[in-house]
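The numbers here are math on the coordinates, done by the rules we state, and not lab data. Just so it is clear, the structure is predicted and the values come from calculations on it, not from any experiment. Counting neighbours? That spans all protein chains shown, and the Cβs are built from the backbone with ideal geometry, glycine included.
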Amino acid sequence: MRARIALVLGLSLLAVSARADKLSKEEKAWLDSVWPLILQDEEQRFKDLKEKADRAEFQKIFWARRDPDLETPANEYEPEYLAAVAEADKRFTTRAKKGTQTDCGRAYILLGEPSEANKDGVAKPGERAPETWIYKGAQYQGGQAVIAFDGACMGQADLRQQFDRVAEAKILQPNIDYRRGPDGKIVKLADQLPKPTPIQALLKEPRQDFRLGAEPSFLKVEGGGTAVMGLMRGEGADLSSFEQGGKKMAQLTVGARALAADGRLAAVDERQEAVELAADGSFTASYRLILKAGKYTLHCGALDPKSSKGSAVEAPLEVPDFNTGQLSATMILLREIQETPAGSVDDNHALSGFALPMGRLHPTFSGTLTKADSIEIFYQYYDAKLDEATQKANVIVGVSLLKGVRPVANAPEQSFDRVVAGSAVGPISLAAYTPGSYTARVRFSDTVARAEVVKEMSFELK
């Protein structure tokens with residue numbers, strides 16, 4: 001089934017003109033320029049402001065809420081939006097409306113160029129030919145969205161509400177708002193901008209007060225993104241510690257951030273975690289970022305808030321694309337899957353970044369294990385092909401353990417009939433295996449698409 005979106009804009013224009021006498025010529029022009037993007041409650045708030053200074057501050061806050069990176073001096077999105085507005089006016093202006101005031105214009109501004117644009121008839125004098133636009137992508141229900149426009153470049157009556165939801169998704173900084181201070185005036189943008197926290201300051205200017213390493217794992221998440229789940233291991237002998245349940249613990253602030261290739265801040269994470277200090281003084285902690293496929297620079301670190309000792313590391317990060325529409329897969333080598341009560345979330349746990357509905361994953365670190373360890377091989381696959389006759393997929397998964405190139409253990413093959421599925425094999429005790437280099441291998445065979453994906457992870461057994 002194709003997802004449909006449609007829209008109208010007449011009511012908004014009437015609302016603007018009904019109270020336009022409150023606004024200066026420049027303020028009316030600004031409101032018209034952001035009409036495709038502004039939310040209805042924002043529009044009303046702007047018109048209700050009685051002081052020119054508040055309306056000027058409102059405009060600053062409006063753009064800051066949509067700024068993809070508050071750390072850079074310029075708002076990267078604003079010029080992109082204004083360029084799209086100019087192009088929409090150029091392409092879609094009719095005898096009755098400017099291009100930005102048509103549904104075609106708002107679709108172009110908010111969603112971009114359609115994947116397909118099909119003419120549905122002949123243009124009448126002074127109008128365009130009716131068209132159907134098709135947008136394709138994982139973010140749309142069913143993989144695509146379809147919008148039908150008439151000759152006046154207008155769509156169906158419910159399109160505004162759906163476009164409002166798209167416009168709402170453009171708000172990337174929801175903590176910045178139009179709230180009022182004790183004096184009744186809008187709190188200035190400068191007073192709302194986030195101040196760097198100690199862990200974020202550490203990530204910007206990394207140092208190494210103690211040894212720290214980090215390794216990422218990847219899982220697909222709803223909405224077309226990828227969860228980057230990171231495990232950090234550090235030397236915590238000098239951290240501030242306390243006893244809890246017979247264990248030596250430390251309370252740390254853990255953080256991570258990813259910079260895109262152009263230097264923009266793509267994602268950030270900060271969390272408080274209670275970590276256990278092992279007999280050798282080491283600790284493990286975790287983070288989680290949601291990113292699109294691509295290449296990034298990753299900064300992650302841990303900070304002892306009591307002593308201010310902290311360490312951060314920097315590394316290149318390549319996030320895999322799990323939204324190609326073809327079979328893809330991921331695997332993680334685990335020490336165990338820790339069961340958690342249904343619906344419970346412990347944000348303070350050292351492995352909170354690896355929390356899933358099924359439980360918390362506890363990955364191995366640096367691929368070094370001992371004969372006293374056990375492992376579990378966790379895997380997921382995505383986008384298996386459906387059989388047209390049965391409307392089911394058929395994916396056969398084989399898991400094996402190799403020493404060198406020789407298989408030393410094979411799990412029974414599992415068969416799945418879903419487009420997306422996953423499981424885990426284990427626990428596998430390593431007590432009976434001789435020291436050396438091993439590889440865990442998972443083979444995914446999509447018999448409908450006749451496609452195969454193989455994922456491998458290596459470890460050293462001491």
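Values as computed for the structure displayed
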| read-out | value |
| --- | --- |
| For Lys309, residues with placed amide H under 5 Å, excluding near neighbours | Asp304 |
| Förster-model FRET efficiency, 30 Å R0, Arg450 and Lys292, C-beta, rounded to 0.05 | 0.55 |
| Nearest-20 debye value, the chain charge dipole, Cβ charges on Lys, Arg, Asp, Glu | 540 debye |
| Estimated distance in nm for a label pair at Arg406 and Ala53, the labels positioned 7 Å out from Cα along Cα-to-Cβ | 8.2 nm |
| Full-stretch length increase - Phe242, Gln141 - with 0.36 nm per residue and alpha-carbon distance subtracted | 31.4 nm |
| For region 400-413, 3J(HN,Hα) per residue [Karplus equation, 6.51 cos²θ - 1.76 cosθ + 1.60, θ = phi - 60°, Hz, x = Gly/Pro] | 9, 10, 10, 10, x, 10, 9, x, 10, 7, 9, 8, x, 4 |
| Two-site label geometry, Asp280 and Asp177: point separation in nm, points 7 Å out along Cα→Cβ | 4.8 nm |
| Residue-by-residue Karplus 3J(HN,Hα) for region 440-454, coefficients 6.51, -1.76, 1.60, Hz, glycine and proline x | 8, 10, 10, 10, 10, 10, 8, 6, 6, 7, 6, 10, 9, 10, 10 |
| Computed FRET value (nearest 0.05) for Ile396 with Glu87, which takes r as the C-beta separation and R₀ as 56 Å | 0.70 |
| Separation of alpha-carbon centers, region 411-462 and region 28-77, rounded to whole Å | 52 Å |
| Charge dipole (debye, nearest 20) of region 106-170; +1 at Cβ of Lys and Arg, -1 at Cβ of Asp and Glu | 100 debye |
| Estimated vicinal HN-Hα couplings, Hz - region 383-396 in sequence order (Karplus 6.51, -1.76, 1.60; Gly, Pro = x) | 6, 5, 8, 7, 6, 4, 6, 9, 6, 10, 8, 8, 10, 9 |
| Protection proxy ranking of 39-49, 176-186 - average other beta-carbon atoms within 10 Å, highest first | 39-49, 176-186 |
| Residue order, fewest to most surrounding Cβ atoms within 10 angstrom, among Leu239, Leu333 | Leu333, Leu239 |
| The chain: angle of helix 52-64 to the longest principal axis, Cα-based, in degrees nearest 10 | 40 degrees |
| Dipole magnitude (debye, nearest 20) for region 293-369, charges at Cβ of Lys, Arg, Asp, Glu | 160 debye |
| Amide hydrogen neighbours beyond the local backbone of Thr93, cut-off 5 Å, H modeled | Gly99 |
| Estimated distance in nm for a label pair at Arg443 and Thr368, the labels positioned 7 Å out from Cα along Cα-to-Cβ | 3.3 nm |
| Cβ-based charge dipole, the chain, positive-most Cα from Leu49, Leu203, Gly426 | Leu49 |
| Residue-averaged 222 nm ellipticity for the chain, from DSSP H runs of 4+ at -39500 (n - 2.57), nearest 500 | -5500 deg cm²/dmol |
| Relative packing of 104-111, 29-36, which averages over residues the other C-beta atoms within 10 Å, highest first | 104-111, 29-36 |
| Cysteines not pairable in the chain (beta carbon separation under 4.7 Å absent) | Cys300 |
| Residues Thr102, Thr253 arranged by fewest to most Cβ contacts within 10 Å | Thr253, Thr102 |
| Among (1) 23.8; (2) 22.1; (3) 25.9, the entry that matches Kirkwood radius over Cα pairs in Å as calculated here | (3) |
| 5 angstrom amide H check on Ala449, placed H, neighbours 5+ away | Lys385 |
